[in-house]
Amino acid sequence: AQTVTQSQPEMSVQEAETVTLSCTYDTSENNYYLFWYKQPPSRQMILVIRQEAYKQQNATENRFSVNFQKAAKSFSLKISDSQLGDTAMYFCAFMKPSIIQGAQKLVFGQGTRLTINP
Amino acid sequence: DTAVSQTPKYLVTQMGNDKSIKCEQNLGHDTMYWYKQDSKKFLKIMFSYNNKELIINETVPNRFSPKSPDKAHLNLHINSLELGDSAVYFCASSQDFGVAETQYFGPGTRLLVL
């Protein structure tokens, strides 16, 4: 079974700084997908970024980028120029594709609570 | 135009009661999910449905019974509520093309069992 580990329960940085959230995972699969979701105090789960394991290029979305190291099974999230609105819980998640429709579940890490201070 | 909606947002009830949570998506997706987030914020899959058919049933007590009247709706009925059922329940949906499609989440339903 796949497991996802986020070793930083909490992090705190000043506004405009860059912050990196760690995520490691354990799988014997070669093809899989990785995600970062954000959960602000509103509780809504919002997709931040996704990465396909077969792609060597790291995914980027505006101020958010990942450092995907497949051999090390590491998938960290970098937030540049952090903003107050980035304050949230961040969850790393793993998904194994399946030919069975509906069988693709997200396996989540424990989450990292990120606080951006003014 | 909410993509994935859940009702109610909050639910406070007594132990032993039966309650339902409803989920609707207007994204045209064919797969819907229920996830549970416990008090430590840990999220875990409970069920998935594809075109009204149960696909994932992740060792959830049979007091929990999902029902999908059509592919845009997935409801969760819980019988004989227990204190340990207190959690936030998230509905999600995706369009399953046979690759790992992004799952879009509803706002969550916070259930508190007293």
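The values are calculated or read from the model by the stated rules, or taken from the named source; none is laboratory data. What you see is a predicted model, and the numbers here were worked out from it, not measured in a lab. Glycine also receives a Cβ, built like all others from the backbone with ideal geometry; neighbour counts cover every protein chain displayed. Remember, those area values only see protein heavy atoms, side chains included, never the ligands or the DNA or RNA. Shrake-Rupley method; radii C 1.70, N 1.55, O 1.52, S 1.80 Å.
A few notes on this one:
- Of all the residues in the stretch A:35-64, those that are assigned to a strand (DSSP E or B), closer than 17 Å to A:Thr18 by Cα and open to solvent by 50 Å² or more (accessible area, probe 1.4 Å) number 2.
- Among the candidates B:Lys9, B:Lys41, B:Lys22, the residue that is of a type outside the set (Phe, Trp, Tyr), open to solvent by 90 Å² or more (accessible area, probe 1.4 Å) and more than 19 Å from B:Ser68 (Cα to Cα) is uniquely B:Lys9.
- Yes/no for B:Leu111 being farther than 16 Å from A:Leu106 by Cα, open to solvent by less than 10 Å² (accessible area, probe 1.4 Å) and under 11 Å from the mean Cα position of the chain (by Cα): no
- Residues of the stretch A:98-110 satisfying the condition of being open to solvent by 10 Å² or more (accessible area, probe 1.4 Å), closer than 30 Å to A:Val19 by Cβ and at the interface with chain B (Cβ under 7 Å from one of its Cβ atoms): A:Lys105, A:Gln110
- Close pairs (6 angstrom Cβ cut-off, 6 or more residues apart or separate chains): within 14 Å of chain A (Cβ to nearest Cβ) in the stretch B:68-89, modelled with pLDDT of 95 or more and open to solvent by 60 Å² or more (accessible area, probe 1.4 Å) anywhere: B:Val88/B:Arg110
- If you go through the stretch A:65-118 and keep only what is charged (D, E, K, R), out of contact with any Asp or Glu (no Cβ under 6 Å at 6 or more places or on another chain) and closer than 30 Å to B:Ile56 by Cβ, you end up with A:Lys70, A:Lys73, A:Lys105.
- Lone unmet requirement of (1) assigned to a strand (DSSP E or B); (2) in contact (Cβ under 8 Å) with a residue 40 or more places away in the chain; (3) more than 27 Å from A:Ser42 (Cα to Cα) for B:Asn17: (1)
- Taken as a whole, the stretch B:84-104 holds no residue that is open to solvent by less than 30 Å² (accessible area, probe 1.4 Å), in contact with a helix residue (DSSP H, G or I) (Cβ under 8 Å, 6 or more places away or on another chain) and at pLDDT 95 or above.
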